[in-house]
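Values in this text are rule-based calculations from the coordinates and carry no lab data. What you see is a predicted model; the values in this text were computed from it and never measured. Every residue, glycine as well, gets a Cβ built from its backbone with ideal geometry; the counts of neighbours run over all protein chains shown.
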């Protein structure tokens with residue numbers, strides 16, 4: 001991680017200023033397992049506290065452990081009672097069914113390339129490229145993932161690099177070219193920067 005931070009500070013003065021403002025890299029990881037992807041689905045498009053409450057209810061409803069059998073044993077009514085929308089519970093059930101059948105094999109994922117992991121996970125209903133990329137970063141600990149569609153990353157780049165509009169995919173890739181092979185760490189700093197109050201961002205990330 002220290003090498004990643006040194007590289008990012010040396011290759012990009014704007015990102016270097018953000019790193020100085022945020023401080024040490026403290027990325028939290030989860031196990032590359034079924035329950036981690038269930039958690040990602042629960043947290044989609046929800047504020048952290050609300051999502052955490054729903055997730056905890058789901059864990060309790062499943063008997064304390066999220067496994068394909070424990071999910072498939074829950075009725076739609078019980079899943080809805082946890083706070084899940086019908087759409088999300090259908091996603092979670094689809095993931096559980098595909099994992100139980102062996103179509104989704106979490107044990108194989110560490111051996112696959114980033115591209116193959118994305119292809120494997122996006123077979124599940126409701127799991128798009130972004131969700132697969134978050135799994136790559138926070139579960140498989142892949143160091144060079146660049147989620148160009150992530151709103152937090154786009155908003156942070158817009159503010160830090162003085163863009164008039166949210167940057168597009170090609171613009172982000174151009175800026176991120178220098179960050180390789182540590183785009184995951186760069187994104188972590190951009191997310192933390194996006195969370196800062198506006199007055200604390202000003203003057204901290206200029207060339």
Packing-based order for 108-114, 176-182, 148-154, using average beta carbon neighbours within 10 Å, highest first: 148-154, 176-182, 108-114
The chain: relative contact order in percent, alpha carbon pairs under 8 Å with at least 6 residues between: 28
At 1.567 mPa s and 4 °C, Stokes diffusion of the stretch 34-138 via Kirkwood alpha-carbon radius, µm² per second: 94
The stretch 34-138: relative contact order as a whole-number percent, Cα under 8 Å and 6+ apart: 28
Translational diffusion coefficient (Stokes-Einstein; Kirkwood radius from C-alpha pairs) of the stretch 77-207 at 20 °C, 1.002 mPa s, in µm²/s: 128
Percent of C-alpha pairs per 10 Å bin, the stretch 104-167, short to long: 21, 44, 24, 11, 1
Pairwise centroid distance, computed over Cα atoms, of the stretch 99-150 with the stretch 1-65, Å: 15
Kirkwood Rh and Cα Rg combined as Rg/Rh, the stretch 69-125: 1.05
Rg and Dmax of the stretch 11-69, Cα atoms only, in Å: 16.6, 50
Sites residue 10 and residue 195 - FRET efficiency at Förster radius 25 Å, r taken between beta-carbons, to 0.05: 0.50
